[in-house]
Amino acid sequence: MEVGAGLSWEDHQTRIITRKIVHMKKILITGAAGFIGSHVARLFVNKYPDYHIFNLDKLTYAGNLENLKDIDKKPNYTFVLGDIVNGEFILDLFKKHQFDGVIHLAAESHVDRSIENPMEFVMTNVIGTVNLLNAANAIWKGNYSGKRFYHVSTDEVYGSLGDEGFFYEDTAYDPHSPYSASKASSDHFVRAYQDTYGLPVIISNCSNNYGPNQFPEKLIPLFLNNIRNNKPLPVYGKGENVRDWLYVEDHATAIDVIYHQGANGETFNIGGHNEWKNIDLIKVMCKVMDKKLGREPGTSEKLIAYVTDRAGHDLRYAIDSTKLQNELGWKPSLQFEEGIEKTIDWYMQNEEWLKNVTSGTYQKYYEKMYKDR
Ligand code: NAD
Ligand code: TYD
């Protein structure tokens, strides 16, 4: 739609927005229509009314504006549809809005998909990150005061632990999946831009998140959905792999603290000291779901089906987040029992959300991923 002197509707809107927010701190959050990004955007929009939050998202299968419907009318929030792989578009966006900060979460995030299609992970996670770094560098060059590029990464870059030990900030990188290799690569580029150009960057590496709005391809929402629908629970290998689970809102508060208080060039590990063997966690989900669904105890456990293991499956992740706790005073607010209860209640109460995201192409994904296991 054209408005006035050759301006598109979008340009017109942007001009109005730009006039209004000229004195506000402008923060670009990438991937804020996704799971973690939506919780970060909600926290920032509500907690910092004098910031303007731009959500740049391509709306892949994992991006869903439904996740943000409680904040999408707020005056300090703007959604921008776009692909971080398109470098020209990204540079124009930075020139247009002159962001003060970037919190970069947009990514392809699922290990199983990375095994099927690694190039997509290279494009978004590596090229997309470098496009953002280039754009930030171009508009901030020589004037880094008050600027910050925050890169959100994963503990999976550190590889796999045995039965003992933890990942620390200085643990050597040893990624095994195309997903973790692409995130490791993006982390290296972020640090290289600091060392080479002086870009003010900060990185956090977080353990597995769980909570509302997670796409049901990841363990917890997938299994809750399957339990509810009486479908098999495909446990990879023997179910003995260990993950360290953190409630998503606690990840968002950690990002807030690190964005505002962390020093440039620092890395912070984020985790909940909450390790679970997959099979034990699955049994807890089955037990709670039996209760919520009014099923006989033990009914849902019968759905457990051991299937072929994931290729290159990391045995154990465990984060030491002492640095974040000691230096910036962050700690998780929820115990796991409370977090999993809240999560299960959310999925039970948001059947419509689950139905919407599991319709269409999701069915094809599910058949393809699980048919030969
Ligand atoms: P997600 O898959 O739920 O969301 C990713 C978002 O990025 C989606 O909204 C998607 O549309 C968007 N996106 C994907 N490709 C894009 C592109 N080319 N251009 C613009 N937008 C694009 O992921 P998540 O679980 O919320 O993870 C967010 C970030 O946190 C990722 O960087 C991930 O590596 C990291 N992380 C995730 C976890 C976890 O347990 N989920 C743990 C630690 C770190
Ligand atoms: P996932 O949620 O994919 O996170 P990540 O692999 O990034 O840690 O998987 C968590 C654990 O659950 C991991 O050890 C793989 C396992 N898993 C299954 O056993 N079955 C499944 O269908 C899925 C998706 C995961």
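FYI, it's all coordinate maths here, none of it is from the lab. These figures come from a predicted structure and were not determined experimentally. Methodologically, a virtual Cβ is constructed for each residue, glycine included, from the backbone with ideal geometry; neighbour enumeration extends over all protein chains shown.
Between Glu296 and Glu266, the FRET efficiency from the beta-carbon distance, with R0 = 51 Å, is close to 0.50. Sorting 279-287, 157-165 by average packing, meaning the other beta carbons within 10 Å per residue, from highest down gives 279-287, 157-165.
Can you check what the net charge comes to around Asp163, using other residues whose Cβ is under 13 Å from the Cβ of Asp163 (Lys, Arg +1; Asp, Glu -1)?
Values: positive: Lys277, Arg316; negative: Glu164, Glu240, Glu275.
The answer is -1.
Applying 0.36 nm per residue to the separation of Lys287 and Val307 and subtracting their alpha-carbon distance, the gain on full extension is 5.1 nm.
Going down the table (Lys292/Lys342; Lys69/Lys292; Lys218/Lys355; Lys342/Lys368), which pairs top 20 Å between alpha carbons?
Numbers: Lys292/Lys342 12 Å; Lys69/Lys292 27 Å; Lys218/Lys355 16 Å; Lys342/Lys368 31 Å.
Pairs exceeding the cut-off: Lys69/Lys292; Lys342/Lys368.
Here's the picture: charge each Lys and Arg Cβ at +1 and each Asp and Glu Cβ at -1 in the stretch 175-255, and of Thr253, Asn213, Ala181 the one pushed furthest to the positive end of that dipole is Asn213. Under a 5 Å amide H cut-off, with hydrogens placed 1.01 Å from N, Tyr306 pairs with Val235 among residues at least 5 apart or on other chains.
Packing, as the average of other Cβ atoms within 10 Å across residues, places the peptides 85-93, 39-47 in the order 39-47, 85-93, highest first.
When the dipole is taken about the Cα centre of the stretch 101-204, and only Lys, Arg (+1) and Asp, Glu (-1) are charged at their Cβ, what size is it in debye, to the nearest 20? Could the numbers behind the result be given before it?
Values: 6 positive and 13 negative charges, 163 e Å.
Magnitude of the dipole: close to 780 debye.
Test of understanding: extend the Cα→C-beta vector of Met348 to 7 Å, then name every residue of the stretch 200-230 with backbone N under 14 Å from that spot. Of the residues in the stretch 200-230, 224-225, 227-229 have backbone N under 14 Å from the label point off Met348. In this simple spin-label approximation, Lys141 and Tyr61 carry label points 7 Å from Cα along the Cα→Cβ vector, and these lie 4.0 nm apart.
In this structure, the amide hydrogen of Leu199, modeled 1.01 Å from its nitrogen in the peptide plane, lies closer than 5 angstrom to those of Gln194, counting only residues at least 5 positions away or on a different chain.
Extension gain for Phe89 to Tyr370 (0.36 nm times residue separation, less C-alpha to C-alpha distance): 97.5 nm.
Other residues lying with their Cβ under 10 Å from the Cβ of His39 contribute a combined charge of -1, Lys and Arg counting +1, Asp and Glu -1. Positive-end ranking of Pro332, Thr322, Thr358 along the dipole of the stretch 296-360, with charges on Cβ about the Cα centre, is headed by Thr322. The calculated FRET efficiency for the pair Asp72 and Thr196, based on their C-beta separation and a Förster distance of 45 Å, comes to about 0.75.
Computed 3J(HN,Hα) for the stretch 272-279, one whole-Hz value per residue from the Karplus formula 6.51 cos²θ - 1.76 cosθ + 1.60 where θ = phi - 60°, is x, 6, 9, 7, 9, 5, 3, 5, glycine and proline marked x.
Relative to the longest principal axis of the Cα atoms of the chain, the long axis of helix 219-228 makes an angle of roughly 50 degrees. The string of couplings for the stretch 127-142 from the Karplus curve (6.51, -1.76, 1.60, θ = phi - 60°) is 4, x, 5, 5, 4, 5, 4, 4, 5, 4, 5, 5, 8, 9, 3, x Hz, one whole number per residue in order, with x for Gly and Pro. Could you bin all the Cα-Cα distances of the stretch 174-309 into 5 Å bins starting at 0 and give me the percent of pairs in each, rounded to whole numbers? Percent of Cα pairs in each bin: 2, 9, 14, 17, 17, 13, 9, 8, 6, 3, 2, 0, 0. Judged by the mean number of other Cβ atoms found within 10 Å, the most tightly packed of the peptides 362-373, 214-225 leads the ranking 214-225, 362-373. Among Leu199, Leu56, Leu315, the largest mean-square fluctuation in a Gaussian network model of the chain (Cα springs under 10 Å) belongs to Leu315.
Cα convex hull, the chain: 140 Å³ per residue, rounded to a whole number. Each residue of the stretch 111-118 is assigned a 3J(HN,Hα), and the resulting list reads 3, 4, 5, 5, 6, 6, 9, x Hz, derived from the Karplus form 6.51 cos²θ - 1.76 cosθ + 1.60 (θ = phi - 60°), x at Gly and Pro.
Dipole check for the stretch 300-373: with +1 at the C-beta of Lys and Arg, -1 at the C-beta of Asp and Glu, and the Cα centre as origin, the magnitude is about 360 Debye. If you bin all the Cα-Cα distances of the stretch 244-371 at 5 Å, starting from zero, the percentages per bin are 2, 8, 13, 14, 17, 18, 13, 8, 5, 1, 0.
Counting only residues at least eight positions apart within a chain, or on another chain, the aspartates and glutamates with an alpha carbon under 12 Å from that of Lys287 are Glu296, Glu301, Glu341.
If only the Cβ of Lys and Arg carry +1 and only the Cβ of Asp and Glu carry -1, the dipole of the chain around its Cα centre is close to 900 debye. With bins 5 Å wide beginning at 0, the percent of Cα pairs of the stretch 233-307 falling in each bin runs 3, 13, 17, 15, 14, 12, 9, 8, 5, 3, 1. Between Tyr77 and Ile53, the built amide H atoms are under 5 Å apart, and every one of these is 5 or more places off in sequence or on another chain. Here Gln325 and Lys47 are evaluated by their C-beta separation; at R0 = 22 Å the FRET efficiency comes out at 0.60.
When the Cα positions of Gly294, Tyr193, Ser153 are compared along the charge dipole of the chain, Gly294 comes out farthest toward the positive end, with charges on each C-beta of Lys, Arg, Asp and Glu.
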